[in-house]
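The structure appears right after this line, and notes come after that.
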Ligand SMILES: N[C@@H](CCC(=O)N[C@@H](CS)C(=O)NCC(=O)O)C(=O)O
């Protein structure tokens, strides 16, 4: 959407996770999964980055090989491995319906450890945003789309309150003109 590319969304049906069509694109049958120019691509970071690269006129990402591109990779990898994994683990282990993970497989005690790890990583992002409005080149880029979504997950779990810069960052992202970003949940 932000890239201005034409697309067809197929992810809004309740039976999508059981569909063979999704399994053909994502080996774990997860979303997001995309078909770009006839080729399947999965993992949100790869999809966001590829779409930004496909619309260079939108200036959503620095070119491969630039230092700003390395910073994009840095924040995406950081958020995936040091923040999102603990948020996801928290959801899996507290899912009352047992839809994300069966009740007998849940380990609810892990949530306290997850909270500590989440706070540690959120503090890093909060500190980085002390002196800048956005993550890379201090301007809105696809990195903010990617990271902003995960920060909104932090908000959804009620873990954002102590991070004033992250609260301001989310407000900044969601009050952007023509904002196409959706909050987690
Ligand atoms: N690492 C993957 C995570 C994808 C993921 O877990 N997606 C969730 C929806 S937000 C999903 O498909 N859950 C269904 C499942 O786990 O079977 C990414 O960032 O694309």
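Values in this text are rule-based calculations from the coordinates and carry no lab data. A quick note: this is a predicted structure, and the numbers were derived from the prediction, not measured. All Cβ positions, glycine included, derive from the backbone under ideal geometry; neighbour counts span all protein chains shown.
Okay, here's what the table says:
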quantity	calculated
Taking the C-alpha atoms of segment 16-58, convex hull volume expressed per residue in Å³	66 Å³
Kirkwood hydrodynamic radius of segment 67-174, Cα pairs, Å	14.5 Å
Extent along principal axes [Cα atoms of the chain; Å; largest to smallest]	50, 42, 30
Whole-angstrom gap from segment 112-136 to segment 26-102, using each part's C-alpha centre	18 Å
Helix-derived mean residue ellipticity, 222 nm - over the chain, DSSP H n ≥ 4, -39500 (n - 2.57), to 500	-14500 deg cm²/dmol
Estimated distance in nm for a label pair at residue 100 and residue 162, the labels positioned 7 Å out from Cα along Cα-to-Cβ	2.1 nm
For 111, 147, order by how many other beta-carbon atoms lie within 10 Å, fewest first	111, 147
Residue order, fewest to most surrounding Cβ atoms within 10 angstrom, among 17, 99, 78, 7	99, 7, 17, 78
Mean separation of Cα contacts under 8 Å (6+ apart) over length of the chain, as relative contact order %	17 percent
Length-normalised contact order of segment 29-125 in % [C-alpha pairs under 8 Å, at least 6 apart]	16 percent
Fewest-first ranking of 95, 144, using other Cβ atoms within 10 Å as the exposure measure	95, 144
